[in-house]
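Taking it in order: structure first as structure tokens, then the write-up.
Every read-out reported here was derived from the displayed coordinates using simple, explicitly stated rules and does not represent laboratory data. Just so it is clear, the structure is predicted and the values come from calculations on it, not from any experiment. We place every Cβ from the backbone using ideal geometry, glycine too, and count neighbours over all the protein chains shown.
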Amino acid sequence: MTIPFEQLTAALRVAWEAMPGQVERWHEAEPPSGGSLPEEASLEALGSLIRAEHLVNHRLWHVEDEARRTDVDDAAIADCKRRIDGLNQARNDLIERVDACLVALLEPLLPPLPGDAPARHNTETVGNALDRLSILALKAYHMAEQAGRVDASDEHRRACAEKLAVLEDQRGHLARAVAELLADYAAGTRRPLVYRQFKMYNDPSLNPQLYGRKAGPRE
């Protein structure tokens, strides 16, 4: 079933506007891991994929913090590094799945290109922009924490409050840019794409430090 463009745009807006509240709730009780995500292209699937990618960013943020500790041994930091690699891979996979779902929903709605005009594309996909909105929501939450720290100096709290204002402003600008890009799709002035990133470092068949060692020492 073809979804009206306005309904699709509204669903995306709901998804990115929900991110700050989700960050607050997840700091109180993080959702359990596991569970399959829908494969079919639908508004429900799109919302689930955006939320899942946002949750991966939430988890990644805290493991990145943990990896900066200096009071633990090297084994703990190595464990953090491996968790970061896995979360980064999941993050990139989900960004691609968000874009693939969105493109599938958009394709029936796109007007034909006029004449022989080439398709125009953006340097960033909607999935990548939603990822940035997710990160900005996390930054704003943690900067607000710093701005309210009772054990920090007035100067620290003031500087963090100023940074928080900048982050909120940036998030507003980015949200408007995403809405404008969606409007460009509706008008037919741009075409959506899925940018495949083909991350190589976690693939044992593509990372020479992995497949090379499997072959054993050279004679």
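Evaluated at q = 0.22, 0.25 Å⁻¹, the base-10 log of the normalised Debye intensity for the stretch 103-191, with identical point scatterers placed on the Cα atoms, takes the values -1.01, -1.16.
Judged by the mean number of other Cβ atoms found within 10 Å, the most tightly packed of the peptides 94-102, 68-76 leads the ranking 94-102, 68-76.
Taking only alpha carbon atoms, the stretch 5-214 gives an Rg to Rh ratio of 1.02, where Rh is the Kirkwood radius. Take the Cα of residue 177, step 7 Å toward its Cβ, do the same at residue 42, and the gap between the two points is 3.3 nm.
Under the simplified labelling scheme, the residue 6-residue 203 pair shows an inter-label distance of 4.3 nm, with each label point 7 Å from Cα along Cα→Cβ. Protection proxy ranking for 57-65, 137-145, 110-118, using the average of other Cβ atoms within 10 Å per residue and placing the highest first: 137-145, 57-65, 110-118.
Using θ = phi - 60° in the Karplus curve 6.51 cos²θ - 1.76 cosθ + 1.60, the 3J(HN,Hα) couplings for the stretch 174-183 round to 5, 4, 5, 5, 5, 4, 5, 5, 4, 5 Hz; x is entered for Gly and Pro. Projected onto their three principal axes, the Cα atoms of the stretch 1-110 cover extents of 55, 24, 22 Å, largest first. Computed about the Cα centre, the dipole magnitude for the stretch 84-219 is approximately 280 debye when only Lys and Arg (+1) and Asp and Glu (-1) carry charge, each at its Cβ.
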